[in-house]
Every structure is written in structure tokens, then in C-alpha cells.
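Have a look at the structure below, then the notes.
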Amino acid sequence: MKKINTLPLLIVAVLLSTIAFGQKHPQKGKRPTKEKIKAMKISYITSQLDLTSAEAQQFWPIYNEFETKMEEFHKARRADRKKHKTEAELSDKELEKLVDNHLTMEQQELDTKKAYHTKFKKLLPIQKVAKLYKAEHSFKKDLLRKMRVKKGGPNELNIPPPPPPGH
């Protein structure tokens, strides 16, 4: 299989992020949009996995499906937390139901992760699957760290390029 030359993809991603984040934003302190974060994440994962064109065509639709399901779980969990009173205001029965529901949602999320892990292993070599999980973790960690440190707008959120593959 022919490998995709990631250099042009990386250059395009850097140029797009430079243009997007170089713009003046009227609200200082505004966080980047979900779309911008998603674009940065896709660029980061793409550069980390070094996918062939055939792998990329099969991988991205499945990964996007996975991301959508994970977002649904997170939205449901946030909505569940918002609709309840504080724990001190709940009866023991209500609190037990809340905790049980939380564990049920976590189990459903884990089951979904396991199902997609199986799909990823069918599409990609296990080395790339492992790189995927590492890239997701390092992207999230880096993004949160930069957002905490900078506390500024999106133009100050400069995520450094990923390390070369194999490091």
C-alpha cells in the first residue's frame, strides 16, 4: 500500500490553523470553538498515525462515528448532572438512583469503546491503534494545559506540532 506523504497535509493543517488562530477575535478570553478544536485534533491524529490513503478512507468515517457516540455520552452525563439538585438535597433513594445511573452510563460508554477498539483493529495495524490512543491522550492533555496556562482567546492556543513518528 502506498503511504500518504504527511508533509503536505501537515503544511496545510499548519497554514489553516495559523490563518484561523491569527485572526483578531472580538472577545478576549473566548475559548476556541468545537469545530476548531476538532480540526486541530484531526490534524494532530493524522500526523501521528501516518495513515496510508486506503487506511485513511476507511478509518476517518469510523473514527468520526466513534467521536459522535462519545460526545452523546458526555452530553447525556452533563444533562444528568444539571437536572439534579445538589447531593445534600437528594434523598438516599434519589442519590442511589443517580449513582446507579452514572455507573450504567459509564458501562455503556466502555462497551462502545470496546466495540470501536475492535473496529479499529480490523482497519489498522495494532501499532497504529496504540498510536491513536496515545495521540488522543496527548492532544487532550496538551489542549487542557494550554487552555489553563494561557486563559486567553483562541489566537493564543498554539498547540505545538507533534513529535516525529516513533518518538
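The values are calculated or read from the model by the stated rules, or taken from the named source; none is laboratory data. As the structure is a prediction and not an experimental result, all values here were calculated from the model. Virtual Cβ from ideal backbone geometry, glycine too; neighbours counted across all protein chains shown.
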How many residues of the range 121-137 are buried (at least 16 other Cβ atoms within 10 Å of the Cβ), under 11 Å from the mean Cα position of the chain (by Cα) and not charged (D, E, K, R)? The answer is 2
Is it the case that the range 66-77 has a residue that's out of contact with any Ser or Thr (no Cβ under 8 Å at 6 or more places or on another chain), at pLDDT 90 or above, assigned to a helix (DSSP H, G or I) and hydroxyl-bearing (S, T, Y)?
yes
Checklist line | So E94, is it exposed (fewer than 14 other Cβ atoms within 10 Å of the Cβ), outside the structural domain of I42 (by TED's automatic domain parsing) and at pLDDT below 95 | finding: yes
If we ask which residues in the range 75-91 are closer than 25 Å to A39 by Cβ and loosely packed, with under 12 Cβ neighbours inside 10 Å, their number turns out to be 2
In the set I19, I37, I11, the lone residue that is assigned to a helix (DSSP H, G or I), of a type in the set (A, V, I, L, M, F, W, C), surrounded by 16 or more Cβ atoms within 10 Å (Cβ to Cβ) and at pLDDT below 95 is I37
| message | Residues that are touching a residue at least 24 places away in the same chain (Cβ under 8 Å) and under 19 Å from K114 (Cα atoms): does the range 79-94 have at least one? | response | no
Filtering the range 44-65 down to residues that are part of a helix (DSSP H, G or I), among the hydroxyl-bearing types (S, T, Y) and over 11 Å from the mean Cα position of the chain (by Cα) yields T46, S47, S53
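When the residues of the range 47-62 are filtered to those that are in contact (Cβ under 8 Å) with a residue 60 or more places away in the chain and closer than 16 Å to K119 by Cβ, which remaining residue is surrounded by the most Cβ atoms within 10 Å (Cβ to Cβ)? Break it down stepwise before answering.
The first filter runs over the range 47-62 and keeps only residues in contact (Cβ under 8 Å) with a residue 60 or more places away in the chain, leaving 47-51, 55, 58-59, 62.
If we keep only those that are closer than 16 Å to K119 by Cβ as well, we get 49, 51, 55, 58-59, 62.
On the way: L49: 22, L51: 24, E55: 18, Q58: 16, F59: 22, I62: 15.
Once the filter is applied, the top-ranked residue is L51.
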